[in-house]
Amino acid sequence: MEIIHISAECYPVAKAGGLGDVVGALPKYQNRIGHIAKVVMPMYRTKFLYNNDWELVHEGGTYLGSNWFRYAVIKEKSNKLGFDLYLVDINGLLDREQVYGYDDDTERFVSFQIAVLDWLNSWQHKPDVIHCHDHHTGLIPFMMKYCYGYQSLATIRTIITIHNAQYQGWMGWEKSHYIPWYDDWKTGLLDWGGSINPLASAIKCADRVTTVSPSYLEELMNSANGLENLFEFERGKCFGILNGIDNEVWDPETDTYLVSNYNAETVEAGKEENKEHICRQFNLDPQWPLFIFIGRLVGEKAAEILPDVIGNGVERHEGRINFLVLGSGHKHLEAELLRLEAIVGKNFSCYIGYNEELAHRLYAAADFLLMPSLVEPCGLNQMYALRYGTVPMVRNTGGLRDTVIDIANVDGKGYGLIFNHAEAWDVLSSIDRAMGWYFEQPGILDGARKKMMAIDNSWENSAHHYISIYQ
Ligand code: ADP
């Protein structure tokens, strides 16, 4: 089967969050099990672009509304990612340093989708499946079926994977002329609540819809930023498939970012060495447990409770605790964390920004990973933590619920900590539980680490699951 993934992100080319990790791994595993999976994404100005060799495969021109634009498609020459990677270059629109966050993001991603379809339209043979990811590619199923210019693509099957339904790509109807000439009778398939909603359109028009965990799909029926009824109505074609992780990129035994590599047998000494190094770098005392948070400093991740948790946690445990935060997001929160660092710097440090290498080193160094998320479609951090023998402390939601078992589980299968509220008091009582469970008796922490590291969250299972949905 030939599958074309179309996405705004793909690790290691460009990544802003979990979407990048998924699109960088799933196609590789689909190729390994005998299919042909390719990735098409925008050409941003990233390091990966400058450090690799490319060949030009197509040049074309088309319209965004009444504006003619030219585009080019280039392909990475060596297939080093384990799949064919194509970048779409649209001069002045896509070639920026960041993936998102520009005033003209609507124009950027609509142009990208139109350019991709214009290119696919020129192919002699046709792929079997077009796999779209999130709202940036959400107009594609509609355009393939109902735009007169793309009729050669109308019978190709489409699937949309929802990595995050909070963001839907809304655009006003005054921009409807951006979409190439389409059957007016189908206008309703673009609309939700009075504006063009690319994510809603994809849910209506794609042949299949998947979410990145089964629990997230259930939650979306009740809470989907306005799309609840749509999910309820379309539930027959919706499936929840848990993301995997790329076990080759995320492997404490071979991870070149770590100061000391380790496996399940050597986890205790290995983590200790990584922890000492990180604590030295961030001026923390390695004899105390290290709690980390990695992620976007936004409401969805309940990041606004972090200052409270850290301030009170340090006081409550009389300085015998360490916190480290790696993230960026709301400016007021970044400033608050830096202020707090100035006050309790002996026990807390933060790195404001995005740093892939530091993320790897933190998963290896930490004892506990905090994820109090309000919404967590799948969550990859907790799976990386498991792989690196770091105890995940997660709120009982979405993919976190599907991947973590509480240590108090009666069957003795547990290893992590689960709490119910995205509020400081609940995280603090969970930290109390952590101090009790894992440190009061010797051997418990090491046993939990071995259990966690034996869990297989690799892509193999999920890659097969996607194939059966395509079939
Ligand atoms: P989301 O996609 O909602 O941000 P996920 O848990 O699905 O959350 O994926 C987050 C990914 O982004 C993980 O690979 C995590 O390690 C990474 N990440 C998030 N913030 C940072 C950061 N500041 N520096 C490095 N990596 C980060």
Self-check item: Boolean, Lys47 is assigned by TED's automatic domain parsing to the domain that holds Val99, among the basic types (Lys, Arg), closer than 15 Å to Tyr86 by Cβ and out of contact with any Leu (no Cβ under 6 Å at 6 or more places or on another chain)
Solution: no
Practice problem: Only residues that are surrounded by 13 or more Cβ atoms within 10 Å (Cβ to Cβ), of a type outside the set (A, V, I, L, M) and free of Cβ contacts under 8 Å to residues at least 60 places away in the same chain: list them for segment 430-466, please. | Solution: Ser430, Arg433, Trp437, Gly447, Lys451
Quiz item: Is it fair to say Phe233 is touching a Ser or Thr at 6+ places or on another chain (Cβ under 9 Å), more than 25 Å from Glu341 (Cβ to Cβ) and assigned by TED's automatic domain parsing to the domain that holds Ala200?
Solution: no
Quiz item: What pairs come up if the first residue lies in segment 155-169 and is closer than 17 Å to His5 by Cα, the second is in a strand (DSSP E or B) and polar (S, T, N, Q), and their beta carbons are under 8 Å apart, counting only those six or more places apart or on different chains?
Solution: Ile159/Thr210; Ile160/Thr210; Thr161/Thr210; Thr161/Thr211; Ile162/Thr210; Ile162/Thr211
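To keep it simple, each residue is scored yes or no on (1) in contact with a strand residue (DSSP E or B) (Cβ under 8 Å, 6 or more places away or on another chain); (2) more than 17 Å from Val129 (Cα to Cα); (3) more than 16 Å from the ligand (Cβ to nearest atom).
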| position | (1), (2), (3) |
| --- | --- |
| Gly20 | yes, yes, no |
| Gly24 | yes, yes, no |
| Pro27 | yes, no, yes |
| Pro42 | yes, yes, yes |
| Leu56 | yes, yes, yes |
| Glu59 | yes, yes, yes |
| Glu76 | yes, yes, yes |
Exercise. Considering only segment 224-244, state which residues are over 30 Å from Tyr388 (Cβ atoms) and either within 16 Å of the ligand (Cβ to nearest atom) or within 17 Å of the chain's Cα centre (by Cα) (or both).
Key: Ala224, Asn225
Quiz item: In segment 174-190, which residues are open to solvent by 40 Å² or more (accessible area, probe 1.4 Å) and either closer than 21 Å to Gly149 by Cβ or touching a Cys at 6+ places or on another chain (Cβ under 7 Å) (or both)?
Solution: Lys175, His177, Trp181, Asp184, Trp185, Lys186, Thr187, Gly188, Leu189
Self-check item: Number of the condition not met by Met143 [criteria: (1) farther than 24 Å from Ala25 by Cα; (2) in contact with a Ser or Thr (Cβ under 6 Å, 6 or more places away or on another chain); (3) surrounded by 20 or more Cβ atoms within 10 Å (Cβ to Cβ)]
Solution: (2)
Self-check item: Residues of segment 374-414 satisfying the condition of being outside any helix (DSSP H, G or I) and near the ligand (Cβ under 8 Å from one of its atoms)
Solution: Glu376, Pro377, Cys378, Gly379, Leu380
Exercise. Would you please name the residue that is farthest from the ligand (Cβ to nearest atom), looking only at residues in segment 347-373 that are farther than 30 Å from Asn222 by Cβ and part of a loop (DSSP other than H, G, I, E, B)?
Key: Asn347
Quiz item: Quick check: anything in segment 385-396 surrounded by fewer than 24 Cβ atoms within 10 Å (Cβ to Cβ) and polar (S, T, N, Q)?
Solution: yes
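Residues checked against (1) without any contact (Cβ under 8 Å) to a residue 24 or more places away in the chain; (2) surrounded by fewer than 21 Cβ atoms within 10 Å (Cβ to Cβ); (3) of a type in the set (S, T, N, Q):
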site	(1), (2), (3)
Thr62	no, yes, yes
Arg70	yes, yes, no
Asp84	no, yes, no
Ser111	no, no, yes
Val116	no, no, no
Ser122	no, yes, yes
Val129	no, no, no
His133	no, no, no
Quiz prompt | Verdict on Val57 being in the same structural domain as Thr210 (by TED's automatic domain parsing), open to solvent by less than 20 Å² (accessible area, probe 1.4 Å) and either outside any loop (DSSP other than H, G, I, E, B) or in contact with a His (Cβ under 8 Å, 6 or more places away or on another chain) (or both) | solution = no
Quiz item: With respect to His421, is the statement that it is assigned by TED's automatic domain parsing to the domain that holds Pro27, modelled with pLDDT of 95 or more and open to solvent by 30 Å² or more (accessible area, probe 1.4 Å) true?
Solution: no
Exercise. Give the residues of segment 22-39 that are open to solvent by less than 10 Å² (accessible area, probe 1.4 Å), over 15 Å from the mean Cα position of the chain (by Cα) and among the hydrophobic types (A, V, I, L, M, F, W, C), sorted by residue number.
Key: Ala37, Val39
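The values are calculated or read from the model by the stated rules, or taken from the named source; none is laboratory data. Computed from a predicted structure; not experimentally measured. No Cβ is skipped: glycine too gets one built from the backbone with ideal geometry, and neighbour counts run over all protein chains shown. Protein only, heavy atoms only, side chains kept; ligands, DNA and RNA dropped before computing areas. Shrake-Rupley method; radii C 1.70, N 1.55, O 1.52, S 1.80 Å.
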